[in-house]
Amino acid sequence: MKTALWRVDAENPAADIIGSAARIITEGDLVAFPTETVYGLGANGLDANAVQKIFLAKGRPADNPLILHIASSAELFQLVRTVPPQALSLMKHFWPGPLTLVLPSSGLVPAEVTAGLATVAVRMPQHPVALALIKKAGVPIAAPSANRSGYPSPTTAQHVWDDLAGRISAILDGGPTGVGLESTVLDLTGEIPMILRPGGVTYEELAQLLGEVKADPGLTDALTKPKAPGMKYTHYSPQAQVILVKGTAESLTRQIAELCKDYHQQGLKVGLLLTKETWRMLGPISAAYQKNLGSRRQLQEIARVIYSELRACDIAGVDIILTETYQEKGLGAALMNRLLKAAGHKVIRA
Ligand code: TXA
Ligand code: MG
């Protein structure tokens, strides 16, 4: 299959391009498009055949359900059985935006979307291209991240191209995405709202609005199965082995310098993804790939580039990626969740 690559203005997408992309969706094929979090791989969420093509293109396990993307709150009412008051206030505060709500399914969406679960995950993205595409297609768009399953999520059209060219009909290139990590998945079917995947909307923001929120114990306890089926898989992993180094500014810097030397002696190529603060202490060092991620006080910036930098390490052919840990507060919770998964939970304490 030949994959079309269409440039679109992120703020003001041209109607003819959105029209062509929407036609692909309504005809049952796949289009990748930018959202404010990461690029999504879209199909008509009401068409079981189209949705199956997503799983094929990505190599995604069939038991991992998809998020439905809508362009107006009204569309939610057909997709779910009930909209509790909490959902209404969450929608008012955070939609459009990086918050996905899990609610009881109305049964309208095919089992291919929900992986046979009684619930369905829905979000309204905050990106003019995504919203225009959904509106024009006139259907909810099922869209996982537009990467090959297991690989870091795409934050540019080039990442999507690298993973899926030849497997999908078109890619809408609206430039790099803003948040850089996926949406927060919040389950509203229990007594207390539960975060199934930390993401762009933080625990603190949710707690402020809802009062009580809990995090799925399966996110942190290796012995408990996570409630979001997707969270149990190895994920976000580049080819290179990721190692997280945790310590004080001094111990961390010393450990990284030592590890870097050791790996070099073993003939391994090292990539260093470090904060400005660590680079300042470390000084010049020889590594196959190095990147200053910016200040650790600016987690938004680090989140925005982290997937792209993991991919850059692979392109540079490194064997080992050394990177740092962050406090699991605010966006740090989502960042650490992804880094720990990318590292297969390998943390070296300095
Ligand atoms: O930011 C995002 O959410 C991006 C953009 C494209 O919107 N999408 C995304 O989709 O990250 P995906 O498929 O890569 O991740 C969806 C996550 C998975 O962990 C999946 O298991 C979970 O949401 N999920 C989907 N439906 C669910 C449901 N009914 N119950 C529990 N978890 C669900
Ligand atoms: Mg994904």
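Spacing of the modelled spin labels on E250 and D221, each 7 Å from Cα toward Cβ, amounts to 3.8 nm.
Only lysines eight or more places from K92 in sequence, or on another chain, were considered; those with a Cα closer than 29 Å are K135, K136, K214, K227, K329. Two numbers describe the Cα atoms of segment 16-169: Rg and Dmax, which are 14.3, 44 Å.
Residues S237, S286 in ascending order of nearby Cβ atoms (within 10 Å, fewest first): S286, S237. Put a plus charge on the Cβ of each Lys and Arg, a minus charge on the Cβ of each Asp and Glu, and nothing anywhere else: the dipole of the chain about its Cα centre is then about 460 debye.
The dipole here belongs to segment 133-231: it is taken about the Cα centre, uses +1 on the Cβ of Lys and Arg and -1 on the Cβ of Asp and Glu, and is about 420 debye. Measuring r between the beta carbons of L88 and Q266 and using R0 = 56 Å, the FRET efficiency lands at 0.45.
Summing charges over all other residues whose Cβ lies under 13 Å from the Cβ of L331, with Lys and Arg as +1 and Asp and Glu as -1, gives 0.
Only Cα pairs within less than 10 Å get springs; with that Gaussian network setup on the chain, which residue of N147, N49, N64 has the largest fluctuation? Of N147, N49, N64, the Gaussian network model singles out N49 as fluctuating most.
One chain, two ends: Q78 and R7. Fully extended at 0.36 nm per residue, the span grows by 22.3 nm beyond their Cα-Cα distance.
Compactness of the chain, taken as the C-alpha radius of gyration over 2.2 N^0.38 Å, stands at 0.99.
The sum of -39500 (n - 2.57) across all DSSP H runs of n ≥ 4, divided by the residue count of the chain, sets its helix-only mean residue ellipticity at 222 nm to -10000 deg cm²/dmol.
Values quoted throughout were computed directly from the atomic coordinates according to the rules given, and no laboratory measurement underlies them. All values derive from a computational prediction rather than experimental measurement. Don't worry about glycine lacking a Cβ; one is built from the backbone with ideal geometry, like all the others, and counts go over all protein chains shown.
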